[in-house]
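Below is one structure, written out as structure tokens; the observations come after it.
The values are calculated or read from the model by the stated rules, or taken from the named source; none is laboratory data. From a predicted model like this one, the values you see are computed outputs, not experimental measurements. Counting neighbours? That spans all protein chains shown, and the Cβs are built from the backbone with ideal geometry, glycine included.
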């Protein structure tokens, strides 16, 4: 069966596996104090043009979001996010379980609009009953969003300016950041993110690593005793080398960007195949997630041969599904999908 279910169904890039095996017998300090974590941090600082950046490695996206958000928020504060945001829908209430409310505002193809963010903040601060309400303590974005869409530099600048105005941090979830940075016609770069965000993370789990996310605090602003906070959340790996080696490898010889660009190229070819057979797309995504509209008949026939993700019911007879390519998708996979569609539809 063909699989386009997600971008973390494979293990890890072979260069990472080779490096893990090569270093396997080395005796190294634990908890991220090893030379590979240090090397990876220095490479990320240089790529971000962020000398004051402080970097921590965690194992997974939900773990990272829950830990960072809890560390940055006061007990009376919540986090503003799009209604379609990952922390709003697909993290099983991880943020709320730490005692912080997700304050939803509308999502537009996954993105929030600066005007609606401004309206939300103005409405809160003009409310005379705000002492009985959850204070907005930070803003959460995803880039790419849960719909594969991207913010432009101007949009991020407007949101960042609002955060500065209201003295709240801007946090960007970069679980699929590589696919965003290498998308066609994007004007968002790592240095730009470092200049506009207070903290963001570079996703490894979905971009070639076995596991791992690199959290970047951009302005010498890592919360006090952050390692303790990470450990309180059960997120501190004794064998921190596992994460450091992977990110050191990903940011050697441009590997992270090359494999991300490959995932996007495969998505473009996948899109061409579906367009060839007359399918419609729910929205335009320039990254590795593509959202196709299937009628019930097409859905039932296709799922017998291909694994993909249900996304949302559009109408009684139509469903939006997600096909995801990745760093590991082969052209042969796309060709096989083309052949399959030609025979079953």
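Out of the residues in region 280-302 meeting the condition of being out of contact with any strand residue (DSSP E or B) (no Cβ under 8 Å at 6 or more places or on another chain) and touching a residue at least 24 places away in the same chain (Cβ under 8 Å), tell me which one is surrounded by the most Cβ atoms within 10 Å (Cβ to Cβ). Taking the candidates together, the pick is 287.
Is it the case, given these coordinates, that residue 37 is closer than 21 Å to residue 218 by Cβ, in the same structural domain as residue 194 (by TED's automatic domain parsing), modelled with pLDDT under 95 and surrounded by 15 or more Cβ atoms within 10 Å (Cβ to Cβ)? Here the answer is no, as residue 37 does not meet what is asked.
So that you can scan it fast, the table gives a plain yes or no per residue for (1) within 22 Å of residue 161 (Cβ to Cβ); (2) part of a helix (DSSP H, G or I); (3) in contact (Cβ under 8 Å) with a residue 24 or more places away in the chain; (4) touching a strand residue (DSSP E or B) at 6+ places or on another chain (Cβ under 9 Å):
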| site | (1), (2), (3), (4) |
| --- | --- |
| 96 | no, yes, no, yes |
| 99 | no, no, yes, no |
| 103 | yes, no, yes, yes |
| 117 | yes, yes, yes, yes |
| 121 | yes, yes, yes, yes |
| 124 | yes, yes, no, yes |
| 128 | no, no, no, no |
| 131 | no, yes, no, no |
| 137 | yes, no, yes, yes |
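Are any residues in region 206-235 under 20 Å from residue 24 (Cα atoms) and surrounded by fewer than 23 Cβ atoms within 10 Å (Cβ to Cβ), and if so, which ones? Scanning region 206-235 gives 210, 211. Answer yes or no: is there a residue in region 63-81 that is out of contact with any strand residue (DSSP E or B) (no Cβ under 6 Å at 6 or more places or on another chain), farther than 19 Å from residue 168 by Cβ, crowded, with 20+ Cβ neighbours inside 10 Å and in the same structural domain as residue 176 (by TED's automatic domain parsing). No, region 63-81 contains no residue that is out of contact with any strand residue (DSSP E or B) (no Cβ under 6 Å at 6 or more places or on another chain), farther than 19 Å from residue 168 by Cβ, crowded, with 20+ Cβ neighbours inside 10 Å and in the same structural domain as residue 176 (by TED's automatic domain parsing). Cβ-Cβ contacts under 7 Å between residues 6 or more apart (or on different chains), taken from a first residue in region 6-28 that is outside the structural domain of residue 306 (by TED's automatic domain parsing) and on the phi < 0 side of the Ramachandran plot to a second residue that is part of a loop (DSSP other than H, G, I, E, B) and at pLDDT below 95, are absent. Against the condition at pLDDT 95 or above, assigned to a helix (DSSP H, G or I), in contact with a helix residue (DSSP H, G or I) (Cβ under 8 Å, 6 or more places away or on another chain) and more than 30 Å from residue 286 (Cα to Cα), how does residue 70 come out, does it pass? Judged against the criteria, residue 70 is a match. For residue 287, the criteria (1) within 21 Å of residue 1 (Cβ to Cβ); (2) within 17 Å of the chain's Cα centre (by Cα) hold in every case but one, which is (1).
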